[in-house]
Amino acid sequence: MNKKTVWITGASSGIGQEFARQYARLGFRLILTARRKDRLDALAEELDYTVFDACILPGGIPGTPNLAANKTVTETCKAFAAAVENRFDNPFIDHALLSICLNSTAKWRARDLPTLKDYVAETGNLPKCLATSLATLISFYTQELVSREGDGLHLRRSDGTEYTAQDDAFVLDFYAAHAGADDAQLVHDVLTNEQMWGEDLTQIAGLEEFVVSALAVVRAEGAKQAFANAQA
């Protein structure tokens, strides 16, 4: 029987580690990545990865020197990314994108923030695509405000279409209160909101300035161009 594959980043601790345990029990094939090889090895031993068929990739961040040097790991990451892209290109699959966006703030904090901080600690630079994803997240919650309702934040795109953003009440209230705010002040208030992130993200060197700049591109030219700039 073909088994589905789940790639879990930050699998050496916290929510990533618990996801690995749960998916292993359900019989999924696992790709586990993290920065701490000793903890990954311990998790692999706990899960008995010869049974659960996990692929353990220490290093965690594609493109950093220790990981890029491993050709097999790099090819595996590229193949996984291509498979995801191919799935979203499939016209016969109805992707409930707004459902995927449910509680995006907590997801970004749990899944992306640790990797961003690890990258900065190792390289001294910002991971531009991850930082751009924070700009697009802010944009998602700050299109033209129609109303704040019990089912979420009702917003209108520039083309006139509407959608509803759903998240924790305090997140929705925050963005409703900042409707029409200057982007520089908006980004500052988002990044310093410790209820969202558990810390003040303006303490990460260069992040605030980068997100303000990336958000301006998202507003004027779209997210695709913002990510193209990040990869240039």
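The values are calculated or read from the model by the stated rules, or taken from the named source; none is laboratory data. For clarity, every value in this text was computed on a predicted model and none was experimentally measured. With ideal geometry, Cβ positions are generated from the backbone for all residues, glycine too; neighbour counts draw on all protein chains shown.
Can you find a residue in segment 163-173 that is within 20 Å of S99 (Cβ to Cβ), surrounded by fewer than 20 Cβ atoms within 10 Å (Cβ to Cβ) and of a type in the set (V, I, T)?
Looking through segment 163-173, at least one residue is within 20 Å of S99 (Cβ to Cβ), surrounded by fewer than 20 Cβ atoms within 10 Å (Cβ to Cβ) and of a type in the set (V, I, T).
Do we have E209 as charged (D, E, K, R), surrounded by fewer than 17 Cβ atoms within 10 Å (Cβ to Cβ) and part of a helix (DSSP H, G or I) here?
So E209 fits the description; yes.
Is it the case that some residue within segment 52-73 is exposed (fewer than 15 other Cβ atoms within 10 Å of the Cβ) and at pLDDT 70 or above?
no
Kindly list, by first and then second residue, each pair from a residue in segment 203-232 that is closer than 21 Å to D189 by Cβ to a residue that is acidic (D, E) and at pLDDT 95 or above, limited to pairs with Cβ atoms under 9 Å and residues at least 6 apart or on different chains.
V212/D183; L215/D183; A216/D183; R219/D183
Quick check, is E199 at pLDDT 95 or above, surrounded by fewer than 17 Cβ atoms within 10 Å (Cβ to Cβ), assigned to a helix (DSSP H, G or I) and of a type in the set (D, E)?
In short, no.
Of (1) in contact with an Asp or Glu (Cβ under 7 Å, 6 or more places away or on another chain); (2) at pLDDT 75 or above; (3) buried (at least 18 other Cβ atoms within 10 Å of the Cβ), R29 satisfies all except one. Which?
Of (1) in contact with an Asp or Glu (Cβ under 7 Å, 6 or more places away or on another chain); (2) at pLDDT 75 or above; (3) buried (at least 18 other Cβ atoms within 10 Å of the Cβ), only one is false for R29: (3).
Considering only residues of segment 111-128 that are touching a residue at least 40 places away in the same chain (Cβ under 8 Å) and polar (S, T, N, Q), which is surrounded by the fewest Cβ atoms within 10 Å (Cβ to Cβ)?
T123
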